[in-house]
Every structure is written in structure tokens, then in C-alpha cells.
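Every number here is computed from the coordinates shown, using simple stated rules; none is lab data. Remember, predicted model here, so these are calculated numbers, not experimental data. Heads up, the Cβs are rebuilt from the backbone with ideal geometry, glycines too, and the neighbour counts pull from every protein chain shown.
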Amino acid sequence: MNGSAPDTGNKHKVLFVCLGNICRSPAAQGIFQAITDRDGASEFFHVDSAGTYSGHQGQLPDRRMRNAAQMRGYSLTHRARPVGMTDFLDFDVIVAMDDSNYGDLMHLAPSVEASRKIVRMADYLTTHSISYIPDPYYMGADGFELVLDLLEEACSNLYASLKDF
């Protein structure tokens, strides 16, 4: 993927964003894609992920996240890329994993209209009382499991809010 959505016609375009695009956002992308696949709705969605930091550009998701996700049946093959200005034009919803990502995205948004596309992933949590999706990079194995738990719930709720668009 070159950073912009391909010709997606009437597809709803969702971009997940974290810092390096190697843990949370590619996991959210994989989970959301799996949900649309299971529901037979993948033809109606284009899903991608990116990071606010470009230092991991071209890398696969963190091995620990790939392993934890694979244990739950998700295959994470996305290559990290930074958020680009065209993302604000190409995507309908831009989902930030934490307040720092949210702030960075708001700062990057080229217009007020573009900033209205930015939402917080944690706003789609209903059973967890946490206001952000924590970065598991320094948290150990339990951190990756927690993040996957949070993302499974939030992605399911986000999908439910978008599927009848």
C-alpha cells in the first residue's frame, strides 16, 4: 500500500493510527478486517493503518504483536507507514489509539473538515473503563493480550456503528 487508498468506490474507508504503526494500529487493522470478513462485509470496507512516527517505515508489525494476534487467529502482514496528508482526503474515519496520537493527527489535519474524521479508539469501548489503548511495546506479554482484548471490543463496536452507513 502506497499510503493512499486505492479506488474503493462506495467502500467505507477506515484508517487506524498509533505511534510507530507496528503494534496497536496494525492489530486494529487486522482485527477490523477479520470482523468484516466474518460478517461478509469486506467488500464494503477499505481498512489500513499508519503511524505518526516514520522510524519503522516498511517494517512488519512487532513480532510479539504478530505472535499474540496469531494465537487469536489474526494474521498481521501490514508494512509500517507514516500518516500522510492524502490520508485525510482518502479516509472517512481516522482512528487514534491514544491522546498523543489524537493530538498529532489534529495538528496534521489540513482543515477543520478533515479534523472531524479523527476519533479515539477508546470511545468505542463499552466494558473497559480506560480512555486510551496503551502501547504494549514496553509492557511484556500481558500488555499485548490486554491491547488485543481492548481492540477486539472497540473494533467490534466501531464496525457496528459503521456497517449500516
So, with +1 on the Cβ of K and R and -1 on the Cβ of D and E, and no other charges, what is the size of the charge dipole of the chain about its Cα centre, to the nearest 20 debye?
340
Counted neighbours (other Cβ, 10 Å), sorted fewest up, put Phe16, Phe44 in the order Phe44, Phe16
Where a ≥ b ≥ c are the square roots of the eigenvalues of the C-alpha gyration tensor, would you call the chain rounded, which needs a/c under 1.5, or, failing that, prolate if a/b is larger than b/c, or oblate?
rounded
Within region 57-109, list the trypsin sites (Lys or Arg not before Pro) lying in a DSSP loop whose Cβ has at most 16 other Cβ atoms in a 10 Å radius.
Arg72, Arg79
Expected max-MSF residue from His46, His107, His12 in the GNM of the chain (alpha carbon, under 10 Å) is His107
When the charge dipole of the chain is computed with +1 at the Cβ of Lys and Arg and -1 at the Cβ of Asp and Glu, the Cα pointing farthest to the positive end, of Leu76, Ala96, Ala41, is that of Leu76
Using a Gaussian network model of the chain whose springs link C-alpha atoms within less than 10 Å, name the residue from Gly51, Gly140, Gly20 with the highest mean-square fluctuation.
Gly140
Using Cα pairs under 8 angstrom and six or more residues apart, how large is the relative contact order of region 9-129, in percent?
29
